[in-house]
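Taking it in order: structure first as structure tokens, then the write-up.
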Amino acid sequence: MSDNNQTLFDRARQVIPGGVNSPVRAFKAVGGTPKFITRASGSHFWDANGVRFIDYIGSWGPMILGHSHPDVLKAVQDASLQGFSFGAPTQREVELVEFLIHLTPSMEMVRLVSSGTEAAMSAIRLARGATGRNKFIKFEGCYHGHADALLVKAGSGLATFGNPTSAGVPPEVVKDTLVLEYNSVDALEKAFEDHGPEIACVMIEPIAGNMNFVRASLEFMKRCRELCTHHGALLVFDEVMSGCRVALGSAQSLYQAALPGFEPDITVMGKVIGGGMPLAAFGGKRAVMEQLAPVGPVYQAGTLSGNPVATACGLATLKAISKPGFFTSLTQTTESLVKGLSDVAAQAGVPFCADSEGGMFGFFLLPELPTNYTEVMKSDSQRFNRLFHGMLDQGIYFAPALYEAGFVSGAHSMSDIDATLEAAKKVFKTLA
Ligand SMILES: *Cc1c(COP(=O)(O)O)cnc(C)c1O
């Protein structure tokens, strides 16, 4: 029988670099041929050979309700009949932003854009414009999209001025990007000691999902806030992945619960808030946000920003996840997966640890949870690749790379979890 995935991949590679429109889809890290997806429903999708998979990537985060949720489908269908894009304001943009502010009160005003990359890039420009400073801090292993100044993760331990991670990024573009070790209070204090008056902002993934799943410790987050406030820098939360995913109030609500009065100055959102459509946002205090054009001097714009179909999809998604009990039940499903996998690994004698929050999880082939990128890197990639392919062969689709978080949706049932754990039992035996 011919393999339609292979045929499509061969065709794709002739006309699309690497055959994919975003690198991690290519299975480069794990080897093999990527699945070409033809359709999806609930917690499942089907590839070009008609094989069904339980989906634990959820489009890398957005599909928190699972695929083709009836409320979302209806909202998108209705909106599309009214027109695709107008280049003029609409009521739905206002409604979506009001809803976001209701869920995330640290944002008093919000600007909508079309991708997380755009939102993070614009947040940096805004922070620089609002403070009149050029330098900013990011952390090793955190991804903030592919804007030039943010494409740096080099350096470990001590504060290092960034070296670009990608070709095509001139060193002068990243010379003001300071890269520090995640969760290192010492590195943070040293950076502010050396450069305090020049630092526009600290940008952080509060629960990092681009080095698998690593939480910022409370102590570290508290210091981030204190040092930013003390030195007049802005604290920027990149919640593109964690936003409306780890909790209805996003990761910041978890830090707020532990640190009374805690707030980021700017929040960057994406993924879930668009429900699978190209939609992202950044927001913050009124005084900061009113630095943006047309009110203020910081320019930012977008032809498709606040797109009427995307906002309909996002709004329907946010309303559905706001229903009472949604996050409680999502959290339980995710926890039963994570606990089940840990038990299976323990029975097989494979070093394993895992963590989750809301509908987001991560697991490592390590004896204990890592706290920074260097520790994440110690995870056994050969073993991970065997785990990935073993699960895939049994219809379980985990992220095809060791450094990615996983996602559970409201459509995942206990029978999906049971099927996943049954498959895991077989695979872990071969890993021991
Ligand atoms: C996905 C992601 C981005 C980039 O968003 P895109 O929509 O892919 O441009 C930025 N920051 C974080 C934390 C992300 O997970």
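The values are calculated or read from the model by the stated rules, or taken from the named source; none is laboratory data. All values reported here derive from a predicted model rather than from experimental measurement. Quick reminder, even Gly has a Cβ in these numbers, built from the backbone with ideal geometry, and neighbours come from all protein chains shown.
Kindly provide the set of residues from the stretch 239-257 that are assigned to a loop (DSSP other than H, G, I, E, B) and either surrounded by fewer than 24 Cβ atoms within 10 Å (Cβ to Cβ) or at pLDDT below 95 (or both), ordered by number. Within the stretch 239-257, ALA247, LEU248, GLY249 qualify.
Results for (1) within 16 Å of the ligand (Cβ to nearest atom); (2) among the aromatic types (Phe, Trp, Tyr); (3) not in a strand (DSSP E or B), shown as yes or no for each residue.
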position	(1), (2), (3)
SER166	yes, no, yes
LEU178	no, no, no
ARG223	no, no, yes
THR229	no, no, yes
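Being within 16 Å of the ligand (Cβ to nearest atom), closer than 16 Å to THR267 by Cβ and either at pLDDT 95 or above or out of contact with any Leu (no Cβ under 7 Å at 6 or more places or on another chain) (or both) is a property that LEU112 has. Within the stretch 62-81, the set of residues being touching a residue at least 12 places away in the same chain (Cβ under 8 Å) and farther than 9 Å from GLY275 by Cα comprises GLY66, HIS67, SER68, HIS69, ASP71, LYS74, ALA75, VAL76, ASP78, ALA79, SER80.
What about GLY296, is it under 20 Å from the mean Cα position of the chain (by Cα) and away from the ligand (no atom under 11 Å from the Cβ)? Answer is no for this residue.
What residue, of ALA191, ALA187, is modelled with pLDDT of 95 or more, of a type in the set (Gly, Ala, Ser) and within 26 Å of GLU357 (Cβ to Cβ)? After ruling out the rest, the residue left standing is ALA187.
Quick grid of which residues meet (1) touching a Lys or Arg at 6+ places or on another chain (Cβ under 7 Å); (2) hydrophobic (A, V, I, L, M, F, W, C); (3) within 13 Å of the ligand (Cβ to nearest atom):
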site	(1), (2), (3)
ILE204	no, yes, yes
GLY232	no, no, no
VAL240	yes, yes, yes
VAL272	yes, yes, yes
PRO278	no, no, yes
GLU290	no, no, no
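Among the residues of the stretch 98-118, those identified as touching a helix residue (DSSP H, G or I) at 6+ places or on another chain (Cβ under 8 Å), assigned to a loop (DSSP other than H, G, I, E, B) and under 13 Å from SER250 (Cα atoms) are THR104, SER106, MET107.
Filtering ALA149, ALA200, ALA130, ALA123 for residues that are more than 24 Å from the chain's Cα centre (by Cα), crowded, with 21+ Cβ neighbours inside 10 Å and among the hydrophobic types (A, V, I, L, M, F, W, C) leaves a single hit, ALA130.
Exactly one residue out of PHE27, PHE84, PHE45 is among the aromatic types (Phe, Trp, Tyr), in contact (Cβ under 8 Å) with a residue 12 or more places away in the chain and assigned by TED's automatic domain parsing to the domain that holds ARG13: that is PHE45.
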